[in-house]
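Where a number appears in this text, it was derived from the coordinates with a stated rule and is not lab data. Quick caveat, the model's predicted, so the values are computed rather than measured. Methodologically, a virtual Cβ is constructed for each residue, glycine included, from the backbone with ideal geometry; neighbour enumeration extends over all protein chains shown.
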Amino acid sequence: MGVEEIVLLNAADEAIGTAPKVASHHAETPYHLAFSSYVVDPRGQVLITRRALAKRTFPGVWTGSCCGHPGPGEGLRDAVERRLRDELGVSVDTVTPVLPAFRYRAVAADGTVEFERCPVVRATTSRPDLVVNPDEVEDAQWWPWERCVELVDRPEASPWYRLQMAELIPLGPPAQWPDAGTGGLPPALPW
């Protein structure tokens, strides 16, 4: 497998090149493309994960189901499905854009910056069994929505989780999240 690359963006969210993922995350991380996903099971529970302790950026924080970086030319749906399969062994039935315009910047304790245009999607699965990749995920649990909401105020929540939940909580439980469509996705990210 080659070096994983991220898609670099300009202020208009247009692709302006690529760069190696690992080497690009530092105190001056360039603005780039990412995504966050929240997987929901048939009972309405949400898959919440704790990042592996060996992760370079934000190790050990609790967050949504899966975050990742679409590769050059990769569509959002394909990237979500790929990362969920690779990190958690999850196959999804549907992928729905919920917060297509989400972006954030966060600084880790070691000074590493995350600076991402990071559309948020809801994915559903009828097969909630997990096969966790320990290089990516320390723990993964199915939580009721109320517990997901409580995590927002806890220091072990990732900064992007808190920011996303500020927009998701007013939408109600995940089953009620409206399909925001693909029109708000960045120009650099096909559906």
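Quick one: among Q45, Q176, Q141, which has the greatest mean-square fluctuation in a GNM of the chain with alpha-carbon springs under 10 angstrom?
Looking only at Q45, Q176, Q141, the largest GNM fluctuation is found for Q176.
Restricting to DSSP H runs of at least four residues, report the calculated mean residue ellipticity at 222 nm for the chain, -39500 (n - 2.57) per run over all residues, nearest 500 deg cm²/dmol.
Values: 4 runs with 34 residues, N = 191.
Here the helix-only value at 222 nm equals -5000 deg cm²/dmol.
Quick check: the distance between the Cα centres of region 1-64 and region 96-119, to the nearest angstrom?
A separation of 8 Å, based on Cα centres.
Each residue of region 182-191 in turn: what ³J(HN,Hα) in whole Hz from Karplus with 6.51, -1.76, 1.60 and θ = phi - 60°, glycine and Pro shown as x?
Result, rounded to whole Hz: 9, x, x, 5, x, x, 7, 10, x, 6.
Using only alpha carbon pairs under 8 Å that are at least six residues apart, calculate the relative contact order of the chain and give it in whole percent. Numbers along the way, then the final one.
Numbers: 413 pairs, mean separation 53.6, N = 191.
About 28 percent, as a whole number.
In nm², what is the average projected area of the convex hull enclosing the Cα atoms of region 49-145?
Approximately 6.6 nm², given one-decimal rounding.
When the Cα atoms of region 133-191 are enclosed in a convex hull and the volume is divided per residue, what value in Å³ results?
Measuring per residue, one finds 150 Å³ for the Cα hull of region 133-191.
Expressed in nm to one decimal, what extension gain is obtained for the pair W191 and D135 from 0.36 nm per residue of sequence separation less their Cα-Cα distance?
17.4 nm
Restricting to DSSP loop positions (anything but H, G, I, E, B) with no more than 15 other Cβ atoms inside 10 Å of their own Cβ, which GluC sites (Glu not before Pro) remain in region 113-167?
E156
Please compute, for the alpha-carbon atoms of the chain, the extent along each of the three principal axes and give them in descending order in Å.
Its Cα atoms span 41, 35, 33 Å along the three principal axes.
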